[in-house]
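These notes are about the structure you will find just below.
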Amino acid sequence: MYRLALMALVAFSVIATLMLSRGISDPGATPALKEGFDIASEQKNPWTSLKPNVAPGQFQFAIVSDRTGGHRAGVFSRAIQQLNLLQPEFVMSVGDLIEGSKDADISRKQWTEFNGFIKQLQMPFFYVPGNHDGANASLADVWKEAYGRRMYSFAYQNCLFACINTSDESVDDPKADASYRKPRVGKAQIEMLAAALKKHPNPRHTFIFLHHPIWNAKDLESNGWLEVEKLLADKQYTAFCGHVHVFHKFIRNGRNLYQLATTGGGSSMRGAEYGELDQIAWVTMKENGPVVSHIGLHGIYRDDLTPIVTDESGTPPAVLPKGLVPARGVVMMEGKPRSGLMVLFTKVKENNEERTLVGNSRTGADGSFEMFGPRGTNGLPAGKYQVSFLQAPSLVSDVNKDKNAAPAVAIPEKYKTPATSPIVVDLKEGAGRFEFKID
């Protein structure tokens, strides 16, 4: 009996080896086929794993940000074509989709142009109103005429998506000017969100989309955000907004809240270090929560690298000063290059100038800086400037940690404001490189 059992075991081993060497496998016995790969596995294999990065309920969606406030030609319409290359399951927005006007006919024409781009998408698009889309009565009426609701929610793959209108039409003060609505979430919207949570009491994750970063406002007691947080207190959620045209990540109560940069809206476009770039946010919902990334539009190309052509016009650029002088250099502190500072050039007013021109730049790891003026222009008009320094703001704010964070390296008080800074420079052609020493 023992000999027969041993022979059977040897025969089974030989057959199994032959099946694997020929790429033939039994779905019930080979892990590779269970994971979807039909491949011959041997003792040593040229791969790391046969477990694909997919799971039931995993999905991906994209988010576009501000297109207005002096939109630049060809950016948003090109982003639409780039989204078709990336193939998300759907696309969300955070408002400011048209420049907007108090003239309803002009607004309608702008929506017609915008929707011409959206119709090119190969997947659903969800509108969210911004102040350019609905901050006055005329804009609100045109929105309702075209899209109806300005706050709504839906569920997908057992995740809740809530689209909130921060240019809320409900005004508690009857004397308040309805032509411009202070960013807020009114009582009716809070009730709608509560109803959505009652309908979907245990979502895997909740995503909030709104235009203004009202969680960073001073009037949290009255603008409605604390009520939103209260409703979501026992939920895992992530929020996305726009409006500021500069990227910033906030962390409140352990949740991530993203203020996106632009998707064609007015921007100095100084790069990711300043939070100024054209982007889409990309979200992959996994079993244990979302994975969020930010994709710069400058890095998405067709499969053959041919250019993406568009005829989208832009807002005429502002008239900028002529003859700008480059201003660059290095900041030293205690004898060493000082990184992480904001260098401010404040022009000394001359000849009854109406406003004070301020240029700014961050210092890099080597203490170097390059001055930018209005709308990201490289350089400043010639003249005398007071030079002051501040700690460069971080692109990430954790409300709880920031309260207990160690103080930044101290900058002597006299250098923090133009009025008290002892450094004055005369910016003129050929003399735009400086070394500043902070005592």
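The values are calculated or read from the model by the stated rules, or taken from the named source; none is laboratory data. Bear in mind that the values here come from a model prediction, so they are computed numbers and not experimental data. Methodologically, a virtual Cβ is constructed for each residue, glycine included, from the backbone with ideal geometry; neighbour enumeration extends over all protein chains shown.
With respect to the stated conditions, residue 231 is surrounded by fewer than 22 Cβ atoms within 10 Å (Cβ to Cβ) and modelled with pLDDT of 95 or more.
Inspection of segment 224-245 identifies no residue that is in contact with a Pro (Cβ under 6 Å, 6 or more places away or on another chain) and either in a helix (DSSP H, G or I) or of a type in the set (Phe, Trp, Tyr) (or both).
Can you name the residue in segment 87-127 that is touching a strand residue (DSSP E or B) at 6+ places or on another chain (Cβ under 7 Å) and among the aromatic types (Phe, Trp, Tyr) and, of all such residues, is surrounded by the most Cβ atoms within 10 Å (Cβ to Cβ)? Looking at the filtered set, the residue picked out is 127. Given the criteria surrounded by fewer than 21 Cβ atoms within 10 Å (Cβ to Cβ) and not assigned by TED's automatic domain parsing to the domain that holds residue 264, does residue 84 qualify? No, not satisfied.
Against the test of being farther than 22 Å from residue 209 by Cα, under 21 Å from the mean Cα position of the chain (by Cα) and in the same structural domain as residue 277 (by TED's automatic domain parsing), the options 79, 73, 162, 104 yield a single qualifying residue, 73.
Of all residues in segment 350-373, those that are surrounded by 11 or more Cβ atoms within 10 Å (Cβ to Cβ) have Cβ atoms under 8 Å from Cβ atoms of residues that are modelled with pLDDT under 75, 6 or more apart or on another chain, in 357/374; 373/320; 373/321; 373/357. Filtering segment 205-226 to residues that are buried (at least 19 other Cβ atoms within 10 Å of the Cβ) and free of Cβ contacts under 8 Å to residues at least 60 places away in the same chain leaves 206, 208, 213, 214, 215, 223, 224, 225.
Return yes or no: is residue 307 part of a loop (DSSP other than H, G, I, E, B) and touching a residue at least 24 places away in the same chain (Cβ under 8 Å)? It is false that residue 307 is part of a loop (DSSP other than H, G, I, E, B) and touching a residue at least 24 places away in the same chain (Cβ under 8 Å). The conditions are (1) part of a strand (DSSP E or B); (2) touching a His at 6+ places or on another chain (Cβ under 9 Å); (3) surrounded by fewer than 22 Cβ atoms within 10 Å (Cβ to Cβ); (4) not hydroxyl-bearing (Ser, Thr, Tyr), and residue 154 fails exactly one of them. Which is it? If we test residue 154 against (1) part of a strand (DSSP E or B); (2) touching a His at 6+ places or on another chain (Cβ under 9 Å); (3) surrounded by fewer than 22 Cβ atoms within 10 Å (Cβ to Cβ); (4) not hydroxyl-bearing (Ser, Thr, Tyr), just (2) comes out false. Taking each residue of segment 233-256 that is over 12 Å from residue 214 (Cα atoms) and looking for partners that are among the small types (Gly, Ala, Ser) with beta-carbon atoms closer than 6 Å, six or more apart or interchain, yields 245/265; 245/267; 246/275; 247/261; 247/275. Residue 289 passes every criterion in (1) closer than 22 Å to residue 273 by Cβ; (2) in the same structural domain as residue 254 (by TED's automatic domain parsing) apart from (1). Return a yes/no flag: does segment 294-301 have any residue that is modelled with pLDDT under 95 and part of a strand (DSSP E or B). No, that holds for no residue.
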